[in-house]
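The structure under discussion appears below in the form of structure tokens.
The values are calculated or read from the model by the stated rules, or taken from the named source; none is laboratory data. In this text the structure is predicted, and so the values were computed from the model without any measurement. Heads up, the Cβs are rebuilt from the backbone with ideal geometry, glycines too, and the neighbour counts pull from every protein chain shown.
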Amino acid sequence: MNLKKHNYFFKESMIDLYTAPTPNGYKVSILLEELKLPYNVVSIELEKKEQKKTEFLKLNPNGRIPTIVDHENNDFTVFESGAILIYLAEKFGKFLSSDPNGRSVTLQWLMFQMGGIGPMQGQAHVFYRYAPEKIEYAIERYQKETLRLYTVLDTQLKEHEYLTGDLSIADIATWPWVRSYRWAGLDIENLPYLKRWIDVLAKRPAFQRGIEVPYKIDRSKMSAKETQEKISKILI
Ligand SMILES: N[C@@H](CCC(=O)N[C@@H](CS)C(=O)NCC(=O)O)C(=O)O
């Protein structure tokens, strides 16, 4: 398989990031940008099903992005965005507390994203945006549950600037999803603390650079038909 390799920084970087312009991919590029690490970006064309090819499945048996390879650690490979964030945060000693309780709190909010926000909002996107037929029950179910999860975030953010005090991998995992609330057909006018947090993080240069990896994309400029055709090639 001929994976296209973009080298943004040096000829040989420590980390290879296999990614696509999606919220799960952005989590890792944002963290790498925050860590100011040089990394190679391998752009995976999801519509061409590059993520299902044998060569890629050797790196990620789930056939999805993101995935990293750490050349400094015998080409150790990590898949699942949450596991990648923990691996990098531990390796570089940033964005995850070394104090056991502080670490647990960050991991709780990271799991809340991985097990709640991501899957529920992902389904809201599917049924609200991409499904060829509009199934009201499914749209309402996933929108309502995503909004309920957002209110949990809003309550937490009323008392905390970031989800767990200092900026952590929990914020980095959650922001790329929640910032796309309009894509799920949701309104957050009644969630002022969540809105404040989205705006604060959106101003960080590393977050701005992270969402342009592997390339910049503006979905608001794509027609509904174009979007549906593109995504239906990815959805199994
Ligand atoms: N739980 C996985 C989910 C990864 C995932 O769903 N990736 C999507 C893009 S956001 C993907 O690769 N989709 C392509 C496919 O399903 O074939 C993670 O967090 O890494």
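Could you please let me know if Pro176 is assigned to a loop (DSSP other than H, G, I, E, B), modelled with pLDDT of 95 or more, of a type outside the set (Ser, Thr, Tyr) and surrounded by 14 or more Cβ atoms within 10 Å (Cβ to Cβ)?
Working: assigned to a loop (DSSP other than H, G, I, E, B): no; modelled with pLDDT of 95 or more: yes; of a type outside the set (Ser, Thr, Tyr): yes; surrounded by 14 or more Cβ atoms within 10 Å (Cβ to Cβ): yes.
Taking the combined requirement at face value, the residue does not satisfy it.
Scan the range 202-219 for residues that are charged (D, E, K, R) and either surrounded by 15 or more Cβ atoms within 10 Å (Cβ to Cβ) or in a helix (DSSP H, G or I) (or both) and jot them down.
Arg204, Arg209, Arg219 - these are the residues of the range 202-219 that are charged (D, E, K, R) and either surrounded by 15 or more Cβ atoms within 10 Å (Cβ to Cβ) or in a helix (DSSP H, G or I) (or both).
Results for (1) closer than 20 Å to Met111 by Cβ; (2) touching a Lys or Arg at 6+ places or on another chain (Cβ under 9 Å); (3) surrounded by fewer than 19 Cβ atoms within 10 Å (Cβ to Cβ), shown as yes or no for each residue.
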{"site": "Val28", "(1), (2), (3)": "yes, no, no"}
{"site": "Leu35", "(1), (2), (3)": "no, yes, yes"}
{"site": "Asn40", "(1), (2), (3)": "no, yes, no"}
{"site": "Glu45", "(1), (2), (3)": "no, yes, yes"}
{"site": "Gln51", "(1), (2), (3)": "no, yes, no"}
{"site": "Phe56", "(1), (2), (3)": "no, no, no"}
{"site": "Pro66", "(1), (2), (3)": "yes, yes, no"}
{"site": "His71", "(1), (2), (3)": "no, no, yes"}
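One line per residue, one yes/no per condition, for (1) within 16 Å of the ligand (Cβ to nearest atom); (2) more than 19 Å from Trp175 (Cα to Cα); (3) not assigned by TED's automatic domain parsing to the domain that holds Thr174:
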residue	(1), (2), (3)
Glu33	no, no, yes
Pro38	no, yes, yes
Lys49	yes, yes, yes
Leu59	yes, yes, yes
Asn62	yes, yes, yes
Asp70	no, yes, yes
Leu85	yes, no, yes
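Do any residues in the range 137-162 that are on the phi > 0 side of the Ramachandran plot have Cβ atoms under 8 Å from those of residues that are among the aromatic types (Phe, Trp, Tyr) and part of a strand (DSSP E or B), where the two are at least six apart or on different chains, and which pairs are they?
none
So is Glu12 in a helix (DSSP H, G or I), modelled with pLDDT under 95 and not assigned by TED's automatic domain parsing to the domain that holds His160 or not?
Details: in a helix (DSSP H, G or I): no; modelled with pLDDT under 95: yes; not assigned by TED's automatic domain parsing to the domain that holds His160: yes.
Judged against the criteria, Glu12 is not a match.
What pairs can you find where one residue is in the range 74-86 and touching a residue at least 60 places away in the same chain (Cβ under 8 Å), the other is more than 10 Å from the ligand (Cβ to nearest atom), and their Cβ atoms are less than 6 Å apart, with a gap of 6+ or different chains?
Every condition considered, the pairs that remain are Gly82/Leu110; Leu85/Leu31; Leu85/Ile169.
If I filter the range 220-233 down to residues being within 18 Å of Trp177 (Cβ to Cβ) and modelled with pLDDT of 75 or more, which single residue comes out as surrounded by the fewest Cβ atoms within 10 Å (Cβ to Cβ)?
We begin by selecting, within the range 220-233, every residue within 18 Å of Trp177 (Cβ to Cβ); these are 220, 227, 231.
Within this subset, residues satisfying the condition of being modelled with pLDDT of 75 or more are 227, 231.
Values: Thr227: 14, Ile231: 16.
Going through the qualifying residues, I end up with Thr227.
Can you name the condition, by its number, that Ile217 falls short on among (1) at pLDDT 95 or above; (2) in contact with a Pro (Cβ under 7 Å, 6 or more places away or on another chain)?
Against the list (1) at pLDDT 95 or above; (2) in contact with a Pro (Cβ under 7 Å, 6 or more places away or on another chain), Ile217 comes up short only on (1).
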